[in-house]
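Beneath this line is the structure, given in structure tokens, with notes to follow.
The values are calculated or read from the model by the stated rules, or taken from the named source; none is laboratory data. As the structure is a prediction and not an experimental result, all values here were calculated from the model. Don't worry about glycine lacking a Cβ; one is built from the backbone with ideal geometry, like all the others, and counts go over all protein chains shown. Note: accessible area is taken over every heavy atom of the protein model, side chains too, but ligands, DNA and RNA are not part of it. Shrake-Rupley method; radii C 1.70, N 1.55, O 1.52, S 1.80 Å.
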Amino acid sequence: PARHFDTRTTEPISFFLSGLEELLAWQPDGNDDFNVSAVPLAKRQPPLHSKRPRTLVCHDMRGGYLEDRFIQGSATRNPYVFYHWRYIDIFVYFSHHTVTIPPVCWTNAAHRNGVPVLGTFITEWTDGQKLCEAFLAGGEEAYHAVSEQLARIAQHYRFDGWLVNMENTLSAAAVVNLPRFLRHLTAQVHSAVPGGLVIWYDSVLQNGTLRWQNELNEENRVFFNACDGLFTNYNWKEEHLERTRTLAGPRHTDVYVGIDVFARGDVIGGGFDTDKSLRLIRQHGLSAAIFAPGWVYEHLGEENFLHNENKFWGSLAEYLSTHSICTLPLATSFSLGMGTSRFLAGKEEEAGSWYDLSAQDIQPLYPEREGRLSTSCYLQDAWCGGSSMRVQGTIPPGEERVAVRLFSLQIPAPPKLFLTLLYKLEGPHPNKFAVALELTTWDSGTCHEGNVTSLPEPNSRHHPRFLPAPPPGLAKLLAACNHGSHGWTSRCYELDLQDCSLRDLSLLVSRHQPSPQETPFTCLLGEVRVLDAASMAASPAQVQSLMASQLWWQ
């Protein structure tokens with residue numbers, strides 16, 4: 001069927017639904033299996049429901065379902081990717097189709113990095129008005145059927161809920177049922193999808209008029225009260241934020257104040273001035289909804305996209321909370337889910353552009369320190385996948401080393417950890433430097449390294465012991481302990497901890513000789529792993545009842 005497969009190539013594709021009939025007729029279908037997310041939502045800290053201001057990203061690009069619709073990837077040159085997952089809380093996939101089911105590659109990438117994904121249910125113009133009248137102006141059976149279908153769709157494809165956006169006027173009969181519909185939809189989504197969410201867009205008022213308010217107020221509060229959050233329109237001023245904060249009361253973090261990165265209309269700031277809008281929102285303790293951050297790609301062009309993307313998110317970092325990983329094992333090759341080549345074990349296996357967000361790895365923090373340190377994605381060389389992480393910086397005069405924070409962690413430390421690192425030093429004098437990993441732990445009176453008699457480490461910094469060879473029984477997993485290949489250096493380490501909680505994983509770059517000059521360095525990171533020794537020793541569960549279907553032999 002054309003909905004599930006590309007008519008030109010027969011490849012499986014992601015799809016949307018148009019109109020009320022298609023929505024109500026939808027049911028799970030064997031052709032659908034490709035569209036079901038295969039990656040469960042990773043746990044992270046703090047969890048979504050904690051009361052700190054959140055950041056929602058709403059992805060709206062050229063109508064949606066572009067190259068990202070190809071479930072098994074495509075040979076796209078310079079595609080759009082998002083990878084600053086550590087800094088955001090919710091990802092919304094937006095299009096102007098009635099029911100926007102997020103392409104599964106986005107759900108996979110977001111879930112791997114702990115971010116829930118929402119689809120969009122939108123009605124607009126006269127067709128939208130007719131659609132709303134058809135299911136809202138009658139009895140509750142009609143709107144219950146719609147909310148039950150939307151919840152079933154999210155549950156079936158394993159994404160996390162809906163943004164509801166009604167951009168058309170409603171009759172008195174329809175608008176009276178709207179809060180009831182939102183309440184029912186929210187309850188259905190909560191029961192069908194663990195941690196599910198329904199967010200309402202600021203458009204229709206309680207009397208049915210279409211008039212954007214740019215704030216939470218008495219005209220739209222009834223819809224906010226019926227669901228998990230409000231996404232406001234973009235043309236607000238500071239007084240709107242003040243009134244919103246007062247009216248929202250204890251639910252102030254459930255108001256996502258809209259920022260249009262394209263800066264359309266009368267706005268405080270978009271583009272590289274987006275931080276001005278974000279600063280004001282945070283001063284009032286509210287959450288933010290960053291709309292169309294693909295501006296970086298669409299407006300500034302594809303060629304220098306990765307550089308501009310790091311610059312854009314770096315400019316907002318001060319106002320974005322970072323999220324911590326809270327489960328082991330942690331393993332990543334830093335791949336973005338795209339590349340100009342495919343690498344395996346440091347060797348270029350296949351040249352040529354590729355794009356598949358489902359293959360994106362867990363993404364690190366991308367720290368920047370003006371003039372001292374920059375981190376970026378590097379497509380020209382990788383250990384595995386399509387890219388490595390490039391760390392460029394200087395060791396200041398008189399100092400021995402620089403620590404580059406890669407991941408924030410909140411994990412109770414197992415008694416024994418194994419860590420692995422693959423790196424490549426570039427530049428004129430690679431032999432001047434040593435590269436290692438550092439783990440810090442949360443301060444506590446009980447935490448210490450090694451056996452009970454050893455003293456607690458000052459300031460909780462731990463430097464794992466270098467392992468020249470893998471321990472017996474783990475030779476397969478840690479095969480490359482002391483021999484990299486294709487210019488990559490491989491290292492394994494172990495660390496014994498008691499009563500500790502892991503806090504940060506950093507890369508340490510140090511120079512062998514002290515120097516009165518500052519020393520520049522460039523290091524590529526190919527892979528990092530943090531493993532719980534006990535669970536690594538256990539044999540993995542056997543795969544059972546393996547099935548193959550939907551085969552197309554060429």
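Per-structure values
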quantity: Cross-link reach list, aspartates and glutamates versus residue 237, counting only Cα pairs under 20 Å and skipping chain neighbours closer than eight places; calculated: 202, 215, 218, 219, 254, 260, 266, 273, 275
quantity: Residue 207-residue 77 FRET efficiency (beta carbon distance; Förster radius 51 Å; 0.05 resolution); calculated: 0.50
quantity: Calculated FRET efficiency for the pair residue 463/residue 22, C-beta based, R₀ 60 Å, to 0.05; calculated: 0.55
quantity: Built amide H within the under 5 Å cut-off of residue 363, gap 5+; calculated: none
quantity: The stretch 1-142: C-alpha pair distances exceeding 20 Å, %; calculated: 56
quantity: Of every Cα-Cα pair in the chain, the percent that sits beyond 29 Å; calculated: 57
quantity: Lys/Arg +1, Asp/Glu -1 at C-beta; the chain dipole; positive extreme among 336, 388, 444; calculated: 444
quantity: Stretchable slack from residue 537 to residue 144, in nm (0.36 nm times residue separation minus alpha-carbon distance); calculated: 136.4 nm
quantity: Efficiency of FRET from Cβ geometry, residue 547 and residue 152, R₀ 25 Å, rounded to 0.05; calculated: 0.60
quantity: Average accessible area per residue (Å²) across the chain - probe 1.4 Å, nucleic acids and ligands excluded; calculated: 43
quantity: Centre separation in Å (Cα based) which lies between the stretch 326-363 and the stretch 117-171; calculated: 37
quantity: The chain: relative contact order in percent, alpha carbon pairs under 8 Å with at least 6 residues between; calculated: 13
quantity: Length-normalised contact order of the stretch 188-255 in % [C-alpha pairs under 8 Å, at least 6 apart]; calculated: 31
quantity: Cys residues of the chain counted as unpaired, since no other Cys beta-carbon is under 4.7 Å; calculated: 58, 105, 132, 227, 326, 377, 384, 523
quantity: Percent of alpha-carbon pairs separated by more than 28 Å within the stretch 70-209; calculated: 23
quantity: Sum of -39500 (n - 2.57) over DSSP H runs of 4+, divided by residues of the chain (222 nm, nearest 500); calculated: -6000 deg cm²/dmol
quantity: Eligible aspartates and glutamates near residue 432 by straight Cα distance, threshold 15 Å, same-chain separation 8 or greater; calculated: 399, 400, 518
